[in-house]
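Take a look at the structure set out below.
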Amino acid sequence: MILDGKKEASLLREKIKKEISEIKKKINKSPGLSVILIGDFAPSLIYVKNKEKNSKEVGINSQVIKYSKEVKESKVLEKIEELNNNNNVSGILVQLPLPAHISKEKIVNAIKPSKDVDGFHPINVGNLSSGYKAIVPCTPLGCLLLIKKVEKNLTGKHAVIIGRSNLNGKPMAQLLLKEDCTVLIVHSKTKDLKLECQKADILVVAVGVANLVKGDWVKKDSIIIDVGINKVADKIVGDVDFEQVKDKVRAITPVPGGVGPMTIACLLKNTLECFKAR
Ligand code: GUN
């Protein structure tokens, strides 16, 4: 089974669009998303453009605030404070990565937790890991929704996540733990990556190494979620060797068209949730 992220994301967007339109009819208000983009890192430009386009399509008032890569950290912090206090702004997102002179920690900490649509603020990270209500980072949330399209009950499944980033690996582990999986995070210093992956009923790969996971790394009938986006000779490929793996497993996400579209749809979902909570 090829897990069609494009289709699932489109269904989710339709649901969100409908809900926003119903809310608008009732109270004449819509969610607002402010995206801060610093510099001209090519992938960030593409991501932000897609976020803006998708937001508008579902009825979210989207605003992109652009700064040159030389902008002072204090100027960005002032803008975040202004957005924190603006009642028309439901969600704030600062596109990563940031230039070296700007502290990611300071920026992430400055965003009001209730408007942190990325779910990166330590309050949201802490709430998620404590099992409390939290805003969940968009990519792992999208991955979980795709996994649940294949299997509703994940109790007791052996889940292996390759990659320990704050963006993907760590929140993914928390979500799967909440689903009663037995969870293992493996990474670049893990002794035998292949051996650990072979035990996985669910394998989530988020490391940014093209075609890392080979056919003999995966368990028969497992679910494979590929978060990677890598450019190889002008072609976009994932972290999983799709051709080698696809016929061995129960379900696999393609790249492109798997996790990517779900990430943006989940950003819209988080923005709507923040708006409703206010
Ligand atoms: N850069 C790459 N992925 C993301 C994301 O999910 N959120 C933000 N803010 N920046 C990113």
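Listing for the model above:
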read-out	value
Accessible area of Val207 in the full protein assembly, 1.4 Å probe (Å², nearest 10)	60
Principal axis dimensions, largest first and in whole angstrom, of the chain by Cα	52, 44, 39
Fully extended contour minus Cα-Cα distance, from Thr155 to Lys56, at 0.36 nm per residue	31.9 nm
Relative contact order of segment 192-278, pairs being alpha-carbon contacts under 8 Å that are 6 or more residues apart, as %	26
DSSP beta bridges in segment 140-253 [antiparallel fraction, %, rounded to 5]	15
For Ala200, net neighbour charge (Lys/Arg +1, Asp/Glu -1) across residues whose Cβ lies under 15 Å away	-1
Value at 222 nm in deg cm²/dmol, rounded to 500, when DSSP H runs of n ≥ 4 in the chain each add -39,500 (n - 2.57)	-13500 deg cm²/dmol
Partners for Lys199 among lysines (Cα-Cα distance below 19 Å; same-chain residues under 8 apart left out)	Lys157, Lys189, Lys191, Lys214, Lys219, Lys220, Lys246, Lys248
Cα gyration tensor category, rounded, prolate or oblate, for segment 23-98 with a/c compared to 1.5	oblate
Kyte-Doolittle at least -1.0, axis length at least 15 Å by Cα - qualifying DSSP helices, the chain	42-58, 73-84, 138-150, 259-277
Modelled FRET efficiency - R0 51 Å, Arg278 with Asp216, Cβ distances, 0.05 increments	0.50
Pairwise label distance in nanometres, Lys191 with Asp234, each label 7 Å out on the Cα-Cβ vector	4.6
Anchor Lys24: lysines whose Cα lies under 25 Å away (excluding residues fewer than 8 positions away in-chain)	Lys15, Lys49, Lys51, Lys53, Lys56, Lys112, Lys115, Lys269, Lys276
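The values are calculated or read from the model by the stated rules, or taken from the named source; none is laboratory data. This structure is a prediction, so every number in the text was calculated from the model and none was measured. Here Cβ is always computed from backbone atoms with ideal geometry, including for glycine, and neighbour counts include all displayed protein chains. With ligands, DNA and RNA removed, areas are computed over all heavy atoms of the protein, side chains included. Shrake-Rupley method; radii C 1.70, N 1.55, O 1.52, S 1.80 Å.
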